[in-house]
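Shown next, in structure tokens, is the structure this report addresses.
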Amino acid sequence: MEAARACLDRIARLNPRLIAVIALDEAGVLAAAARSEARWREGRPAGPLDGVPLTVKDNIPVAGLPCRWGSPAWPEEPAAVDELPVARLRAGGAVILGKTNVPEFTLEGYTDNALFGPTGNPWDPHLTPGGSSGGAAAAVASGMGPLALGTDGGGSIRRPASHTGLVGLKPTPSRVPRADGLPAILLDLEVIGPIARTVADTALLLAAMTGPAPEDPASHGLPPLDPPASPPRLRIRYLPRFGASPVDPGIAASVATAARRLEALGHAVEEGPIPFDPEAVLPIFPAIAGAGLTWLLGNLPGEPSPASAALVAMAKAGREAGAPALFAALDAMAGFRRAMGLFLARNCDAILTPAAAALPWPARESHPPVIDGQPVGPRGHAVFTNFANLAGLPAIALPCDPVAGLPVGFQLVAAPGAEAALLAVAAEYEAAHPWADRWPALS
């Protein structure tokens with residue numbers, strides 16, 4: 001009960017400045033916390049997360065709470081049922097605090113929308129925490145809740161985690177089974193995953209949501225999440241940049257330090273060529289996203305238009321491209337998955353890159369227009385992350401040394417189903433270079 005009250009107090013105090021939590025059921029929170037307290041008193045907790053408060057990103061339905069998806073075009077009715085991962089957490093006694101802010105239809109790399117406005121970064125509320133899990137990351141970084149559920153369709157857990165000094169994990173598709181959710185406009189590119197302050201908390205939250213489910217047939221074919229007896233020694237391919245795409249010099253230096261630290265821990269870290277052509281892979285994601293958004297809007301009453309001008313353009317491109325473009329993108333993605341699977345089997349165990357190419361930028365701007373003196377487009381800051389989604393690979397973002405007082409993260413990407421190895425190596429790195437005591441002054 002004390003933990004729930006502390007989170008509610010922190011939300012009341014900080015949320016007006018950050019706009020991280022956009023729906024809250026205070027009475028339901030206190031009632032769930034009271035039930036948890038009674039179970040602990042009776043010696044029968046429902047699970048390791050019984051009584052632990054957490055937030056849920058507002059593109060994941062929670063029974064009784066609105067699920068606005070950041071869009072005036074989406075219906076306002078409260079969700080009738082929990083999405084499967086939320087149902088599993090609730091059955092394990094977790095206390096659902098509320099919903100966190102997202103960009104419209106979770107299709108942009110920062111967090112602002114016409115319904116609730118921009119989410120601020122707890123390290124500097126004038127800056128963005130990134131997106132699309134920006135509200136989730138801001139809630140954990142500011143102490144509004146110790147854990148958060150996010151989604152990651154192209155880096156939407158990992159980049160916000162890196163911008164706020166947290167751990168964020170994008171699982172293999174179906175590692176966290178899904179059912180009773182919103183329309184899958186990004187197919188299996190978008191997965192549900194944990195955001196937390198430590199690797200141990202990340203692993204606990206992930207474990208509470210995993211396990212085969214009849215509603216998600218692909219969830220039956222994954223290896224167990226059992227942690228190895230000791231952290232494996234990995235062969236790591238270090239990719240400091242992708243082609244000519246710029247990287248903030250401070251981020252580049254911080255991630256290079258992380259690479260040396262991993263090497264000092266006994267991992268074989270080798271810088272080498274990128275195992276794919278970033279320019280060839282680049283068109284796959286927008287083709288799928290544009291088709292998915294077009295399909296979604298066409299099935300809503302009145303075929304409404306998005307509030308975001310960028311999404312209006314995305315929907316228009318999706319309509320004009322048609323089915324051949326979508327099929328070509330799906331075929332290219334299937335080939336990319338095969339190629340990356342073979343690369344990881346033959347050449348290395350993990351890929352190391354920065355989690356984001358830029359430091360946080362002003363919260364109302366969709367992207368930084370310049371990185372290291374070079375003009376960039378809307379995805380210039382996000383070049384490192386979406387290959388893991390397209391290839392169906394798990395990836396974890398971890399904090400490294402801050403730059404100019406702002407958090408920075410690096411990511412490790414591994415073969416499908418290798419979450420246990422990633423978490424073991426992440427825990428080893430955290431033990432040697434801890435970050436849990438880094439808190440923004442706001443909190």
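Where residues in the range 249-276 are in contact (Cβ under 8 Å) with a residue 24 or more places away in the chain, assigned to a loop (DSSP other than H, G, I, E, B) and not aromatic (Phe, Trp, Tyr), which of them is surrounded by the most Cβ atoms within 10 Å (Cβ to Cβ)? Looking at the filtered set, the residue picked out is His267.
Does Leu296 count as touching a strand residue (DSSP E or B) at 6+ places or on another chain (Cβ under 7 Å) and among the aliphatic types (A, V, I, L, M)? Please lay out each step first, then the result.
Values: touching a strand residue (DSSP E or B) at 6+ places or on another chain (Cβ under 7 Å): no; among the aliphatic types (A, V, I, L, M): yes.
No; evaluated as a whole, the condition is false for this residue.
Whether a residue is within 19 Å of Ile157 (Cα to Cα) and not small (Gly, Ala, Ser) was assessed, and Leu442 does not pass this test. Within the span defined as the range 83-94, every residue fails to be surrounded by fewer than 24 Cβ atoms within 10 Å (Cβ to Cβ), over 28 Å from Pro362 (Cβ atoms), modelled with pLDDT of 95 or more and among the β-branched types (Val, Ile, Thr). For Arg337, state whether it is over 17 Å from the mean Cα position of the chain (by Cα), basic (Lys, Arg) and either under 19 Å from Thr111 (Cβ atoms) or assigned to a loop (DSSP other than H, G, I, E, B) (or both). So Arg337 fails the test.
Return the residues of the range 305-322 that are farther than 26 Å from Leu115 by Cα and touching a helix residue (DSSP H, G or I) at 6+ places or on another chain (Cβ under 8 Å); say none if nothing qualifies.
Restricting attention to the range 305-322, the residues satisfying the condition of being farther than 26 Å from Leu115 by Cα are 320-322.
Result: Ala321, single match.
Within the range 41-56, being part of a loop (DSSP other than H, G, I, E, B) and not small (Gly, Ala, Ser) holds for Glu42, Arg44, Pro45, Pro48, Leu49, Asp50, Val52.
Inside the range 419-440, residues that are small (Gly, Ala, Ser) and buried (at least 22 other Cβ atoms within 10 Å of the Cβ) make up a count of 1. Listed by first and then second residue, the pairs with beta-carbon distance under 6 Å, at least 6 apart or on different chains, first residue in the range 183-200 and within 15 Å of Gly135 (Cα to Cα), second of a type in the set (Lys, Arg) and crowded, with 22+ Cβ neighbours inside 10 Å, are Gly193/Lys170.
In the range 395-405, of all residues being part of a strand (DSSP E or B) and of a type in the set (A, V, I, L, M), the one that is farthest from Ile251 (Cα to Cα) corresponds to Ala395. Kindly check whether there is at least one residue in the range 120-135 that is among the small types (Gly, Ala, Ser), closer than 26 Å to Ala63 by Cα, in contact (Cβ under 8 Å) with a residue 60 or more places away in the chain and surrounded by fewer than 24 Cβ atoms within 10 Å (Cβ to Cβ). No - not one qualifying residue is present in the range 120-135.
Taking the condition under 30 Å from Pro306 (Cα atoms), under 24 Å from the mean Cα position of the chain (by Cα) and surrounded by fewer than 21 Cβ atoms within 10 Å (Cβ to Cβ), does Pro66 pass? If you could, list the steps in order and put the result at the bottom.
Values: under 30 Å from Pro306 (Cα atoms): yes; under 24 Å from the mean Cα position of the chain (by Cα): yes; surrounded by fewer than 21 Cβ atoms within 10 Å (Cβ to Cβ): yes.
Considered against the rule, which asks whether it is under 30 Å from Pro306 (Cα atoms), under 24 Å from the mean Cα position of the chain (by Cα) and surrounded by fewer than 21 Cβ atoms within 10 Å (Cβ to Cβ), Pro66 comes out as yes.
Looking across the range 367-394, the residues that are in a loop (DSSP other than H, G, I, E, B) and within 21 Å of Pro249 (Cα to Cα) come down to His367, Pro368, Pro369, Asp372, Gly373, Val376, Gly377, Pro378, Arg379, Val383, Phe384, Thr385.
Each row is one residue, and each column tells you yes or no for (1) within 21 Å of Ala114 (Cβ to Cβ); (2) under 19 Å from the mean Cα position of the chain (by Cα).
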| site | (1), (2) |
| --- | --- |
| Ala12 | no, no |
| Arg17 | yes, no |
| Ala46 | no, no |
| Val62 | no, yes |
| Glu83 | no, yes |
| Ile96 | no, yes |
| Thr100 | yes, yes |
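Within the range 334-363, the set of residues being surrounded by fewer than 22 Cβ atoms within 10 Å (Cβ to Cβ), among the small types (Gly, Ala, Ser) and in contact (Cβ under 8 Å) with a residue 12 or more places away in the chain comprises Ala339, Gly341, Ala345. Only a single item in (1) in contact (Cβ under 8 Å) with a residue 12 or more places away in the chain; (2) under 24 Å from Ala20 (Cα atoms) is not met by Ala309, and it is number (1). Please go through the range 303-333 and give me each residue that is closer than 22 Å to Ser71 by Cβ, of a type outside the set (A, V, I, L, M, F, W, C) and surrounded by fewer than 17 Cβ atoms within 10 Å (Cβ to Cβ), ordered by number. Scanning the range 303-333 gives Glu303, Pro304, Ser305, Lys316, Arg319, Glu320.
In the set Ala3, Ala23, which member is part of a helix (DSSP H, G or I) and of a type in the set (Gly, Ala, Ser)? First the steps, then the outcome.
Details: Ala23 fails: part of a helix (DSSP H, G or I).
Answer to the check: Ala3.
Quick test for you: out of Ala31, Ala20, Ala4, pick the one residue that is modelled with pLDDT of 95 or more, surrounded by fewer than 23 Cβ atoms within 10 Å (Cβ to Cβ) and of a type in the set (A, V, I, L, M, F, W, C).
After ruling out the rest, the residue left standing is Ala31.
Kindly provide the set of residues from the range 219-248 that are more than 23 Å from Phe343 (Cβ to Cβ), over 24 Å from the mean Cα position of the chain (by Cα) and either in a helix (DSSP H, G or I) or not hydroxyl-bearing (Ser, Thr, Tyr) (or both), ordered by number. Scanning the range 219-248 gives a single hit, Ala229.
Being modelled with pLDDT under 95 and of a type outside the set (Lys, Arg) holds for only one residue in Ala313, Ala291, Ala280, Ala309, and it is Ala280.
The values are calculated or read from the model by the stated rules, or taken from the named source; none is laboratory data. None of the values given here were measured: they were computed from a predicted structure. Cβ atoms come from the backbone with ideal geometry, glycine included; neighbour counts cover every protein chain shown.
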